[in-house]
Every structure is written in structure tokens, then in C-alpha cells.
Amino acid sequence: MIIGLTGSMAAGKGTIADFLIQRGFQHYSVEYFLIQELKKRGMIVNKDNLNGVYKEMQVENGKEYVIDTLYELAKKTGKDSVIESLNCVEEIELLKLKQNCFIVALDAAAHIRYERAMNKESEAGMMSLDEFLEAEDREKVMECVKLADFAIINEGTIAELKVKLSEAIEKFEGKEKRPSWDEYFMEICKAVAKRATCDRGKSGCVIVKDKRLLVTGYVGSPKGIPHCDEVGHQMKTIVHEDGTRTQHCVRTTHAEQNAICQAAMVGIPIDGGILYCKMTPCSTCAKMIINAGIKKVICEKKYHAGKESEELFSQARIEIEFLEDTIEQYKNQ
């Protein structure tokens with residue numbers, strides 16, 4: 001098995017490579033290959049020279065030269081191998097044509113990746129958030145991610161990342177169908193929801209723009225306030241105009257609200273973004289979504305009392321889409 005690694009800046013590609021090395025994989029890197037070439041030529045190792053020698057090799061030997069060379073080196077060992085630093089669509093497309101080759105992509109919300117970069121002693125750590133995002137050719141990154149056989153959202157612990165890697169390898173062996181973008185981001189919602197602290201309609205939310213995962217949020221009490229899981233629910237009965245009554249836990253902040261607040265806190269623009277969530281947002285969340293400039297809302301299921309929100313979105317000309325034509329069921333609905 002030969003695994004190629006691609007993905008966004010500070011998403012954890014190096015950590016994944018280390019995991020695979022620990023499992024006995026041979027390690028190869030496009031960047032390291034180019035660095036060695038620069039050293040042979042007595043040239044300074046910097047971004048411009050790396051790009052220059054890479055283009056020169058392609059002109060002299062063809063676009064497939066670097067990836068073919070690394071593939072042949074990996075193949076000769078007869079062992080499982082990992083090839084890191086795949087940042088070119090052509091490289092990934094060529095590698096995918098090779099026998100027993102698979103691509104893994106790493107990604108995470110922008111603010112999480114920025115914090116990781118800040119914690120490293122590197123040039124990236126000296127950047128502002130805007131500079132960090134500008135340094136990343138997001139369109140190019142997402143074209144690479146789109147070609148991956150398996151995508152990993154690395155926003156949790158090292159142990160969780162190892163589990164996801166194991167799942168990826170198992171899926172390679174079974175060659176399961178790759179999810180659509182909506183399925184991909186909804187699966188992230190479900191993973192985020194596991195952090196929720198209220199078991200009524202336990203849900204998560206992610207906000208995306210240009211296929212970039214911007215922020216995440218899950219149901220939980222405001223900072224410093226006890227959680228439902230700790231002290232129980234704070235229930236209130238709402239009497240509606242038609243006389244019907246509904247039960248609501250008001251101890252927590254909803255996943256959609258927390259995602260929008262997270263964006264505001266770290267300064268990430270979400271205007272024009274797409275919001276993914278478990279079910280139709282409540283009317284309060286709907287108003288926040290409208291004012292935040294979200295252009296589309298994608299829900300896994302419908303909320304039993306979601307009519308008002310749907311009307312608000314319609315008036316604001318915000319598209320709402322449901323992946324399943326079913327109503328979410330939960331305790332004391």
C-alpha cells in the first residue's frame with residue numbers, strides 16, 4: 001500500500017506521516033526530494049527555489065517525473081509507504097492511477113490550524129490570521145482534497161486522529177465510495193455534536209465557505225455556566241399562537257449560535273458561507289444566521305417546530321435544504 005498525503009496548512013499531515021512510520025511505512029516526501037536537489041546544486045533552501053527547481057524538473061523530464069521517481073523508490077522496497085507533501089493536482093491524479101495507491105487529505109477549521117501554526121517555532125507562527133489564510137492557496141488545496149480517497153478532519157486529540165487513520169486504511173482495503181461534499185461536511189457535524197452537553201436534540205454545526213471549513217459549534221452552556229449533563233435541564237414551556245405547547249431546554253446555547261459566536265470571537269468572516277446543522281434551526285438561530293450573511297443552510301433532518309424558521313429563510317432569500325425528509329426525534333419533544 002502506498003498512501004499519498006495532501007491537505008491544508010497545519011492540518012496534521014506530518015503527524016499522520018509519523019503515525020504511518022511507526023506502523024512500519026517507508027517515508028518519502030516531495031519537499032524533501034526537492035530540498036536534496038537544491039543541496040546538490042548548492043542553492044539556498046527557500047520557497048522560491050523549491051518552486052523553481054520543481055518547475056525546472058517538470059520542463060526537463062515531464063510533469064510526472066518527481067512523483068514517478070518517489071513511487072518507483074517506494075515500490076522497490078516492497079513495503080507499505082507514505083508519500084508526503086502532495087500539493088499539486090497533477091501529482092495526485094498520477095499517483096491515483098498507480099496500483100495500490102490511495103490519497104488521504106487532512107483539514108481542520110481555519111482558526112484551529114492557525115493556533116497550531118502559532119504554537120510552532122516557525123515563520124508561520126509569526127503571521128496574523130489574515131496573513132496565514134492568504135499564504136494558503138485555498139482553491140488549490142481544495143482541488144487536491146477533492147481528489148482524496150479519504151478525508152480526515154483533525155480537530156480532536158492525537159488518539160482520535162489515530163483512530164481516523166486506522167479507519168482510512170480499513171476503507172482503502174474495502175474501497176468504499178467517497179462521500180459527496182454535503183455528506184462530508186455533515187459527517188463533520190456529527191463528529192462535532194459528540195462534544196454537546198445537552199442530550200435533547202444533541203447537535204453540532206459547521207460553517208463552510210468555498211469548501212473551506214471555517215468554524216464549528218455544538219450545543220452547550222455559555223462559558224463558566226453549569227452544563228445540562230452536570231445539573232440537569234432547565235425546561236420552559238412555550239405557548240404558541242394556536243394554543244399548542246412545546247417544551248424547551250434553555251440552559252444551553254445552540255450549536256448554530258456557538259459557531260457564529262466562534263467566528264466573531266476569532267475574526268473569521270462567514271458572510272456568504274454555507275451552514276450545516278443537524279435539523280432546522282430555531283427561529284432565534286435563523287435570525288442570527290440571516291444577519292451573519294449565511295447564504296445557504298443544509299440540515300440533516302427537519303425540526304418538528306421549524307415552520308417559522310423556514311418562513312424567515314424564505315423571506316430573507318436564504319436557501320434551506322434537507323438531506324433527509326424526516327423529522328428529528330428526541331426526549332420530551
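Descriptive notes on the structure:
- Set LYS190/LYS307; LYS164/LYS302; LYS40/LYS211; LYS47/LYS190; LYS13/LYS287 screened for pairs whose C-alpha atoms are more than 31 Å apart: LYS40/LYS211; LYS47/LYS190; LYS13/LYS287
- Listed residue (THR197, MET265, GLY156) projecting farthest to the positive dipole end of the chain, Cβ model: THR197
- Antiparallel content of DSSP bridges confined to the chain, in %, to 5: 35 percent
- By the Stokes-Einstein formula, at 1.567 mPa s and 4 °C, the chain with its Kirkwood radius over alpha-carbon pairs has D equal to 59 µm²/s.
- Packing, as the average of other Cβ atoms within 10 Å across residues, places the peptides 315-327, 4-16, 84-96 in the order 4-16, 84-96, 315-327, highest first.
- Per residue value of the accessible surface for the chain (all protein chains in place, 1.4 Å probe), Å²: 53 Å²
- Simple spin-label estimate for VAL231 and ASN61 gives 6.6 nm between the two label positions (7 Å along the Cα-to-Cβ direction from each Cα).
- Helical content alone sets the calculated 222 nm signal of the chain at -13500 deg cm²/dmol, taking -39,500 (n - 2.57) per DSSP H segment of four or more residues and averaging over every residue.
- Estimated distance in nm for a label pair at ALA135 and ASP242, the labels positioned 7 Å out from Cα along Cα-to-Cβ: 5.5 nm
- Sulfur and carbon atoms: percent of accessible area, the chain [1.4 Å]: 48 percent
- Where only alpha carbons of segment 30-116 are counted, the Rg and the Dmax (Å): 14.7, 41
- Summed residue charge, Cβ within 9 Å of CYS249's Cβ, Lys/Arg positive, Asp/Glu negative: +3
- Local electrostatic count at ALA11 - Lys and Arg +1, Asp and Glu -1, tallied over other residues with Cβ under 11 Å: 0
- Positive contributions from Lys and Arg (+1) and negative ones from Asp and Glu (-1), summed over other residues with Cβ under 11 Å from the Cβ of LEU86, come out at -3.
- Listed values for segment 276-288 are Karplus-derived 3J(HN,Hα) couplings in whole Hz (6.51 cos²θ - 1.76 cosθ + 1.60, θ = phi - 60°), namely 10, 8, 6, 8, 3, x, 5, 5, 5, 4, 4, 5, 5, and x replaces Gly and Pro.
- All aspartates and glutamates inside 16 Å of LYS39 as judged from Cα atoms, apart from same-chain residues fewer than 8 positions distant: GLU31, ASP48, GLU56
- For LEU86, the residues 5 or more places off, or on other chains, whose built amide H falls under 5 Å of its own are LEU5.
The values are calculated or read from the model by the stated rules, or taken from the named source; none is laboratory data. Only a predicted model underlies this, so the values are computations on that prediction, with no experimental measurement involved. As a convention, Cβ positions derive from the backbone with ideal geometry for all residues, glycine included, and neighbour counts pool all protein chains shown. Note: accessible area is taken over every heavy atom of the protein model, side chains too, but ligands, DNA and RNA are not part of it. Shrake-Rupley method; radii C 1.70, N 1.55, O 1.52, S 1.80 Å.
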